[in-house]
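First comes the structure, then the notes that go with it.
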Amino acid sequence: MTSMQQRAELQRRIWQIANDVRGAVDGWDFKQYVLGTLFYRFISENFASYIKGDDDSINYAELSDQVITPEIKDDAVKTKGYFIYPSQLFAKIAASANTNESLNTDLAAIFASIEASANGYPSEHDIKGLFADFDTTSNRLGNTVRDKNARLAAVLKGVADLDFGDFDASHIDLFGDAYEFLISNYAANAGKSGGEFFTPQHVSKLIAQIAMHKQTSVNKIYDPACGSGSLLLQAKKHFDAHIIEEGFFGQEINHTTYNLARMNMFLHNINYDKFNVQLGNTLIDPHFGDDKPFDAIVSNPPYSVKWIGSDDPTLINDERFAPAGVLAPKSKADFAFVLHALSYLSGKGRAAIVCFPGIFYRGGAEQKIRQYLVDNNYVETVISLAPNLFYGTTIAVNILVLSKHKTDTTVQFIDASGLFKKETNNNVLLDSHIEQIMQVFESKANVDHFAQSVPFERVASNDYNLSVSSYVEAKDNREVVDIAQLNAELKTTVAKIDQLRKDIDAIVAEIEGGEA
């Protein structure tokens, strides 16, 4: 079976598990149980593989909990960030799930134990609360203990039956693919917007490549509105062959999504000491501000959300917003996220931010912020994408590329709205589309109807309008009409009509003459 066939089969079976066991539970909520079980299996197998090391004679699941010394546990937590006893492994619990009358409480105790194992260690923040949304005693699973256990056992059995093969790099990728597939499908089916929850892999790939273009190494990668972490993980895929010195950083306001992002890091085999995801409102309670700036920033912040803005008089003096001299409108926080990202960007770095198109042409405070960005030569490129690339929204978004190391004062505009392939309910970017965009992004060449590099003065004289359509002329797909040829054809047609009329008149006259 090819990797593509294996992935398709895996996705089909995972979606079947979700549909089979959720019953009356809303799919958008129940995803936590499916994803949580996937995560539980992953960290169990990951931990057992770590204990085994290169010694094939060791089967951790068959060991007694009593043989675990404090020294073994201490060393494991320092390395992996958490500890799981043999009796707590996913395989052991799943094997007896159908007959375990205390399954729901046993699982709750195991999850609490795994989280508590990190208490007092550097990994405590990364492990604490990971299973908070996997509530095994919730009435969403059923009104009785029997109902809860039956549904939990079905999920455990379904995930246990998934074939991930041996524990190696391929195994890890399959877990990650399964996880992202389930999130994306629930996002699509629940009508959640991509800007709010999930950035499709094909769009994430483009954003990651832009942010890290021509950087052979980066100190760290940051997403100020990281959601489930898909953008950061795409950056990992793109940069596997290079050096990421300090790892992956993000902040997320939604508690459930924050937990998913941390799980996602572990699922993609990023160790606790290589990521730092924080919970909170990035705009009013930002983390990492005291750290050194980031060489790569990727972000798909929520579109046009409300924020406190000018109602907080201290924000105009915030070092992130003060240089622009104005705050983003209270009803539209888009540029607040942009200015935040810019302030966290290093002198050698680049930020690629998904933006709602309205911010590039509206007046008022948003125009003043655009002026600040253009006058200070921070805007490298604006890219317009095709509509319907995200789950749950048909908006044709833009990517704003910011840089602090530009060597000229032009602004590049790329119209990629025609680059997409229609697939089921959504459009997708193919690798060939991404390659087209990256080639012109690198060359900064002018290509009719596709890309234009515009002098700073022209942007300034156009009220600092940054809409791609203002600078890249759309291709006229109407049929070209040859007027001379059309006139000749008309003359021929008119002559034929005149002759036809004469012939008809002659026939009528002949008929009338015969009747006389």
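Hey, among VAL338, VAL326, which residue is of a type in the set (Val, Ile, Thr), assigned to a loop (DSSP other than H, G, I, E, B) and either open to solvent by 30 Å² or more (accessible area, probe 1.4 Å) or in contact (Cβ under 8 Å) with a residue 40 or more places away in the chain (or both)?
Testing whether each residue is of a type in the set (Val, Ile, Thr), assigned to a loop (DSSP other than H, G, I, E, B) and either open to solvent by 30 Å² or more (accessible area, probe 1.4 Å) or in contact (Cβ under 8 Å) with a residue 40 or more places away in the chain (or both) leaves just VAL326.
List the number of the failed condition for GLN436; all other conditions in (1) in a helix (DSSP H, G or I); (2) open to solvent by 10 Å² or more (accessible area, probe 1.4 Å); (3) over 20 Å from ALA474 (Cα atoms) hold.
For GLN436, the failing item is (3).
Listed residues GLY23, GLY36, GLY27, GLY53; which is loosely packed, with under 13 Cβ neighbours inside 10 Å, modelled with pLDDT under 90 and out of contact with any Ser or Thr (no Cβ under 6 Å at 6 or more places or on another chain)?
Just one listed residue meets the conditions, GLY53.
Restricting to the stretch 271-309, and then to whatever is among the β-branched types (Val, Ile, Thr) and part of a strand (DSSP E or B), can you tell me which residue is surrounded by the most Cβ atoms within 10 Å (Cβ to Cβ)?
Checked the stretch 271-309; the qualifying residue surrounded by the most Cβ atoms within 10 Å (Cβ to Cβ) is VAL298.
Residues PHE420, PHE441: which one is open to solvent by 60 Å² or more (accessible area, probe 1.4 Å) and aromatic (Phe, Trp, Tyr)?
That would be PHE420, the only listed residue that is open to solvent by 60 Å² or more (accessible area, probe 1.4 Å) and aromatic (Phe, Trp, Tyr).
Restricting the search to the stretch 242-257, which residues are more than 11 Å from GLY280 (Cα to Cα) and of a type in the set (S, T, N, Q)?
Those that are more than 11 Å from GLY280 (Cα to Cα) and of a type in the set (S, T, N, Q): THR256, THR257.
All but one of (1) within 28 Å of TYR40 (Cβ to Cβ); (2) part of a strand (DSSP E or B) hold for LEU233; which doesn't?
Result: LEU233 fails condition (2) only.
Hey, any hits in the stretch 254-270 for a residue that's among the small types (Gly, Ala, Ser), more than 12 Å from ALA296 (Cα to Cα), free of Cβ contacts under 8 Å to residues at least 40 places away in the same chain and part of a loop (DSSP other than H, G, I, E, B)?
no
Looking at THR199 and the list (1) out of contact with any Leu (no Cβ under 9 Å at 6 or more places or on another chain); (2) buried (at least 19 other Cβ atoms within 10 Å of the Cβ); (3) modelled with pLDDT under 90; (4) of a type in the set (Val, Ile, Thr), which single condition is not satisfied?
The single condition THR199 does not satisfy is (1).
Restricting attention to the stretch 446-471, and to residues there that are in contact (Cβ under 8 Å) with a residue 40 or more places away in the chain and among the polar types (S, T, N, Q), which single residue is surrounded by the most Cβ atoms within 10 Å (Cβ to Cβ)?
Here the answer is GLN452.
Which of the residues spanning the stretch 377-396 are modelled with pLDDT under 95 and open to solvent by 10 Å² or more (accessible area, probe 1.4 Å)?
PRO387, ASN388, TYR391, GLY392, THR393, THR394, ILE395, ALA396
Give the stretch 63-106 a look and list any residue that's in contact (Cβ under 8 Å) with a residue 12 or more places away in the chain, open to solvent by 30 Å² or more (accessible area, probe 1.4 Å) and β-branched (Val, Ile, Thr), or say none.
THR79, THR105
Given the conditions (1) open to solvent by less than 20 Å² (accessible area, probe 1.4 Å); (2) closer than 25 Å to CYS226 by Cα; (3) in contact (Cβ under 8 Å) with a residue 60 or more places away in the chain, which single one is not true for VAL374?
(2) is the only condition that VAL374 fails.
Return yes or no: is LYS214 open to solvent by 10 Å² or more (accessible area, probe 1.4 Å) and either touching a residue at least 60 places away in the same chain (Cβ under 8 Å) or over 27 Å from GLN436 (Cα atoms) (or both)?
yes
Of all residues being without any contact (Cβ under 8 Å) to a residue 40 or more places away in the chain and surrounded by fewer than 22 Cβ atoms within 10 Å (Cβ to Cβ) in the stretch 397-416, which is nearest to GLU457 (Cα to Cα)? Just the residue, please.
By that ranking, first place goes to ASP408.
Of all residues in the stretch 147-160, how many are free of Cβ contacts under 8 Å to residues at least 40 places away in the same chain and either exposed (fewer than 15 other Cβ atoms within 10 Å of the Cβ) or within 18 Å of SER44 (Cα to Cα) (or both)?
Residues flagged as free of Cβ contacts under 8 Å to residues at least 40 places away in the same chain and either exposed (fewer than 15 other Cβ atoms within 10 Å of the Cβ) or within 18 Å of SER44 (Cα to Cα) (or both) within the stretch 147-160 amount to 1.
The values are calculated or read from the model by the stated rules, or taken from the named source; none is laboratory data. Model, not experiment: these values are computed from the prediction. FYI the Cβ positions are ideal-geometry reconstructions off the backbone, even for glycines, and counts take in every protein chain you see. What goes into the accessible areas is simple: the full protein's heavy atoms, side chains included, and nothing from ligands, DNA or RNA. Shrake-Rupley method; radii C 1.70, N 1.55, O 1.52, S 1.80 Å.
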